[in-house]
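No value in this document is a laboratory result; all are computed from the given coordinates. On a predicted model such as this, the values are computed, not experimentally measured, just so you know. No Cβ is skipped: glycine too gets one built from the backbone with ideal geometry, and neighbour counts run over all protein chains shown.
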Amino acid sequence: MTTLEDDARALLATGPLCDSCLGRPFADRSFGLTNAERGRALRTTIALADDADYDPDAPDACWVCEGYCGTFDAIAATIVAELDGIDFETYQVGTKVPPLVEENERLLREDAALEPDSGESLKREMNREVGRRVGAKTGTDVDFDRPDVLAVIDLEGFGPLDVLESGAAAEVTSHAVDVQINPAFVYGRYRKLERDIPQTEWPCRECGGSGIQLGDGGEEPCDYCGGSGYLYETSVEQTVRPHVVDAMDGDEGTFHGAGREDVDARMLEEGRPFVLEVKRPRNRDPDPAALEREINEAAAGSVEVAGLRLATYEMVERVKEHDASKRYRADVEFSEPIDETAFEDALAELRGTTVEQDTPQRVDHRRAALTRERTVYDTDGDLSDPTRAEVRIHGEGGLYVKELVSSDDGRTEPSLAGLLGTDAEVTALDVIGVEGETEPFELEEYFRDEPGVDEE
Ligand SMILES: [Zn+2]
Ligand SMILES: [Zn+2]
């Protein structure tokens, strides 16, 4: 059985090694040491055992790493410089190791008759040693799961010997370091106080959003959208996005809504949850209350946001996937006068019932016809005159509420029109609540900031 010292002698017999490369095959021994400390201890032990002169390590002569193990400080200095002006709390470092160096690592273990996977790889050591230095210099923490920033080092991007020659203040070329900034997220609820505002921007389908069409005289403004490129002048997304992107000093933003109402429906009362995702944010901690005021002032009453908070990455999936029930308020017109009792009875009949709905005729014709079942949780309403009513409906997510009223030529069963035996049509629709079915959207685990003081 070979001893640790035998193994170290075998490693040293392969050629000149730096302390890190000598210690790395023993990286799984003695937690709390660096590989360089392990290597230095082994080298010292052997020198003492042989009563030979101590021969200190020289990374520039190391045949395995070819000098890279002497560049941890320089790489970390470059990463810190690249991260200057970027606000982050967590980081991760990744390394691309040249294939020749990986081959050297394999040969080292083979020549010394060690297991091919003994200790750890240079890649792992590089990630940890550089990362530790970046963390210490910036006062931030490593996060292997979803860091705010990720720095990827391409070792082939610089020559280690040049770096070793330039001494303590050395940096590597910035081309060898790729800094990626992960997105940041703001959660909130929006209200849409006017009709005919889409949730997300809606490019003109005639000109594809360019605002230009080809006429006899060459390019001219698109007839369909008047040259704006948009079918609707604005959207909730366009109202919210620029302010959040600016506040976070990011490059661009994406709007994620918890479902969407029809363009002609308002979104009132509690509003609808959304997340604004900001790409490459240089500031991850804007003041949500100030941002909220700014958005609301600029929107001047057409759109309002409330309850803005800094959210985690997981909040995007939360708003998109969390099952939610919806509350509606609809103005309804009947083609014949309705009796008060019949109206109340029909609403009572719908309360708690499960309706079957074929895909509505107004929905995309290319979509395959499906029958879905949805529960109507609650109904309520007031007949204002014999042919007009306000109807309030609380239904399971995905319930087609206009069709629940009209029956959509019998495609929704039962329906208000069907129960009353007369045509009924929604003339104006408002969504007044979007609530999680099993629990609220706003659980603390999805937020990065402290809960705000409720202003209302
Ligand atoms: Zn080395
Ligand atoms: Zn157009």
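Quick notes on this one:
- Spacing of the modelled spin labels on Tyr224 and Ala342, each 7 Å from Cα toward Cβ, amounts to 4.4 nm.
- Within the same chain, lysines fewer than 8 places from Lys137 are excluded, and of the rest, those with a Cα less than 27 Å from its Cα are Lys96, Lys123, Lys279.
- Between Lys137 and Thr354, the modelled labels are 6.3 nm apart [label points 7 Å from Cα along Cα→Cβ].
- Val80 paired with Trp63, simple spin-label distance in nm, labels 7 Å along Cα-to-beta-carbon: 3.6
- Sequence-separation-based contact order of segment 1-83, relative, with Cα cut under 8 Å and 6+ spacing, percent: 28
- For segment 276-328 versus segment 251-273, the spacing of their alpha-carbon centroids is 10 Å.
- Residue (of Ala184, Tyr91, Ser235) at the positive-pole extreme of the chain, dipole from beta-carbon charges: Tyr91
- For segment 75-110 versus segment 165-207, the gap between their alpha-carbon centres in whole angstrom: 25
- Fraction of antiparallel bridges per DSSP, the chain only, in percent to nearest 5: 85
- Added length on full extension, which subtracts the Cα-Cα distance from 0.36 nm per residue, Asp285 to Ala49: 79.2 nm
- The charge dipole of segment 4-181, taken about its Cα centre with unit charges on the Cβ of Lys, Arg, Asp and Glu (plus for the first two, minus for the last two), comes to roughly 260 debye.
- Along its three principal directions, the equivalent ellipsoid of the chain from the Cα gyration tensor extends over semi-axes of 66, 25, 20 Å, largest first.
- The Rg/Rh ratio of segment 123-185, with both radii computed over alpha carbons and Rh defined as the Kirkwood radius, is 0.99.
- Normalising the average separation of contacting C-alpha pairs (under 8 angstrom, six or more residues apart) by the number of residues puts the relative contact order of segment 314-456 at 35 percent.
- Gained length - Glu89 relative to Asp28, 0.36 nm times residue gap less alpha-carbon distance: 19.1 nm
- Contour excess over end-to-end distance, with Cα ends at Thr173 and Arg366 and 0.36 nm allotted per residue: 64.1 nm
- Length-normalised contact order of the chain in % [C-alpha pairs under 8 Å, at least 6 apart]: 13
- Charge dipole magnitude, Cβ of K and R +1, D and E -1 - the chain, Cα centre, debye nearest 20: 800
- Segment 4-181 shape via C-alpha gyration tensor axes, a/c threshold 1.5: prolate
- Zone residues, segment 328-342, relative to Asp380, backbone N less than 16 Å from point 7 Å out along Cα-to-Cβ: 328-331
- Reachable lysines, given that their alpha-carbon falls under 20 Å from the alpha-carbon of Lys192 and they are not under 8 places away in the same chain: Lys320, Lys326, Lys402
- For a label point 7 Å along the Cα-to-beta-carbon line of Ala113, residues of segment 1-38 with backbone N under 15 Å: 1-14
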